Amino acid sequence: MADGAVYKTLLSVDARGSGSYLNGAKRRMRTQIYDLAHASFAAAGVARPMLHLEDRGDGFIAAVDARIPPVQILGTWLTELHQRQRVQNEDLVRPLGLRVGVHVGPVEHDDEGLSGEAMDLVCRLADSSVARDVLERSGHDLVCVVSESLHRDVVRHGGRFVEPSWYRTARITLKEGPVTAWFHVPGEPRPVLPGDEGLGAPPADAPTGDHGGGATAGAAAEDRTRRAGPGDIAPSAGGRSSADGSRPDGSRPDGEEAGGGRWDIRVEGGPSVVQDRAVFHAPVHFGGTPAGERPSTRSPGTDRHGADRRAADDGGSEGGR
């Protein structure tokens with residue numbers, strides 16, 4: 001018996017809808033779970049002496065020796081479990097569904113089994129209502145939920161068969177209070193979480209960088225939703241001209257030919273004008289008559305100084321653009 005708590009990788013595996021199984025079906029379900037789990041542990045290099053496992057009727061809890069890196073459980077073991085479960089479920093009228101909680105923390109091991117706050121947490125994660133909802137909404141048969149500390153220390157750094165962008169975060173309420181957890185559904189690049197109905201934008205925690213990780217909406221989200229004001233550049237829409245200056249019907253604004261030069265823009269209280277992939281809102285004066293000046297009598301195709309604009313363009317000058 002160990003004297004004091006020892007850090008280990010902790011697992012809690014629960015079967016979906018186990019209360020609705022009749023006794024005979026439940027015995028077969030338990031056999032299926034253990035066959036999958038032990039074959040996956042062997043494939044991940046976890047020998048029986050390095051694994052303590054306790055039955056829970058509709059699943060099990062386990063503590064894996066600290067000599068096995070947690071990334072090996074989240075990567076190889078979980079991948080093996082998923083692939084073996086897929087093959088097994090092909091022959092089942094009622095596919096086996098599993099919720100897997102994973103955490104790393106101190107656990108005590110006495111003659112009666114495992115105990116400690118870390119063990120309580122991993123069991124709560126797998127049994128949480130959000131884990132149940134994610135599994136049901138996914139259309140798949142396996143969901144993995146990991147603790148915030150395990151995500152921070154292991155998942156976000158990636159590894160073999162561990163892709164940070166596959167995990168999404170959610171705040172869940174346990175008996176001990178609210179905690180943050182991370183969810184992964186093997187077979188889905190981004191699992192659907194409760195509250196996602198009707199959302200077309202990427203989640204606020206969408207990964208960024210080579211190895212993913214959390215990203216908050218912050219000022220960027222505020223900037224995306226801020227309404228454009230005078231002088232803002234915005235994409236074209238509706239009946240306005242498109243990015244290249246053409247209108248939806250293929251025509252172009254008066255005074256400009258396909259592939260031609262710039263417009264001599266003067267907008268003051270009038271409609272917005274599109275030029276060079278931007279929308280210019282009033283008041284704007286780009287070569288037009290500024291406020292306070294008398295309108296020019298120049299002929300079409302000349303700038304405000306009387307120079308022939310097209311001739312200047314033909315000369316290849318870019319200085320005034």
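Report whether or not Thr31 is of a type in the set (Ser, Thr, Tyr) and touching a Phe, Trp or Tyr at 6+ places or on another chain (Cβ under 6 Å). Don't jump to the end; show me each part of the working.
Numbers: of a type in the set (Ser, Thr, Tyr): yes; touching a Phe, Trp or Tyr at 6+ places or on another chain (Cβ under 6 Å): no.
Here the answer is no, as Thr31 does not meet what is asked.
Restricting to segment 111-127, what's the tally of residues that are acidic (Asp, Glu) and part of a helix (DSSP H, G or I)? First the steps, then the outcome.
At the first step, the residues of segment 111-127 found to be acidic (Asp, Glu) are 111-112, 117, 120, 127.
Adding the requirement that they be part of a helix (DSSP H, G or I) leaves 117, 120, 127.
Going through segment 111-127 one residue at a time, the tally reaches 3.
Mind checking which strands (runs of 3 or more DSSP E) fall wholly inside segment 4-110 and carry at least 1 residues that are more than 21 Å from Val145 (Cα to Cα)? Spell out how you get there, then give the answer.
On the way: elements: 6-15, 51-55, 59-64, 98-110.
It comes to 6-15, 98-110.
Which residues, taken from segment 140-175, are more than 21 Å from Asp196 (Cα to Cα), part of a loop (DSSP other than H, G, I, E, B) and not basic (Lys, Arg)?
Val154, Gly158, Phe161, Glu163
Scan Val104, Val87 and give me the residue that is over 24 Å from Leu22 (Cα atoms) and modelled with pLDDT of 95 or more. Let's see the steps before the verdict.
Details: Val87 fails: over 24 Å from Leu22 (Cα atoms).
The match here is Val104.
Restricted to segment 104-115, and to residues that are touching a strand residue (DSSP E or B) at 6+ places or on another chain (Cβ under 6 Å) and over 21 Å from Gly57 (Cβ atoms), which residue is surrounded by the most Cβ atoms within 10 Å (Cβ to Cβ)? Break it down into steps so the answer makes sense when it comes.
Taking segment 104-115 first, the residues touching a strand residue (DSSP E or B) at 6+ places or on another chain (Cβ under 6 Å) are 104, 106-108, 113-115.
This time we only want the ones that are over 21 Å from Gly57 (Cβ atoms), so: 104, 106, 108.
Numbers: Val104: 21, Pro106: 14, Glu108: 16.
Top of the filtered list is Val104.
Please specify each residue of segment 176-194 satisfying the condition of being of a type outside the set (Ser, Thr, Tyr) and not in a loop (DSSP other than H, G, I, E, B).
So the first thing to find is which residues in segment 176-194 are of a type outside the set (Ser, Thr, Tyr), and the list is 176-179, 181-194.
Within segment 176-194, Gly177, Pro178, Val179, Ala181, Trp182, Phe183, His184 meet the criteria.
Any idea which of Ala66, Ala15, Ala25 is within 31 Å of the chain's Cα centre (by Cα), of a type in the set (A, V, I, L, M) and open to solvent by less than 50 Å² (accessible area, probe 1.4 Å)?
Numbers: Ala66 fails: open to solvent by less than 50 Å² (accessible area, probe 1.4 Å); Ala25 fails: within 31 Å of the chain's Cα centre (by Cα).
After applying the criteria, what remains is Ala15.
Might you let me know whether segment 119-139 holds any residue that is without any contact (Cβ under 8 Å) to a residue 40 or more places away in the chain and crowded, with 21+ Cβ neighbours inside 10 Å?
For segment 119-139, residues without any contact (Cβ under 8 Å) to a residue 40 or more places away in the chain and crowded, with 21+ Cβ neighbours inside 10 Å: absent.
Val93 - would you say it is within 21 Å of Arg124 (Cα to Cα), open to solvent by 40 Å² or more (accessible area, probe 1.4 Å) and of a type in the set (Val, Ile, Thr)? Quick ask: steps written out before the conclusion?
Values: within 21 Å of Arg124 (Cα to Cα): no; open to solvent by 40 Å² or more (accessible area, probe 1.4 Å): yes; of a type in the set (Val, Ile, Thr): yes.
Answer is no for this residue.
Tyr34 is checked against (1) among the aromatic types (Phe, Trp, Tyr); (2) touching a Leu at 6+ places or on another chain (Cβ under 8 Å); (3) farther than 19 Å from Val162 by Cβ and fails just one. What number does that condition carry?
All conditions are met except number (2).
The values are calculated or read from the model by the stated rules, or taken from the named source; none is laboratory data. Predicted model only: the values in this text are computed from it and were never measured. Here the Cβ is made from the backbone with ideal geometry for all residues, glycine too, and neighbour counts use every protein chain on show. Protein only, heavy atoms only, side chains kept; ligands, DNA and RNA dropped before computing areas. Shrake-Rupley method; radii C 1.70, N 1.55, O 1.52, S 1.80 Å.
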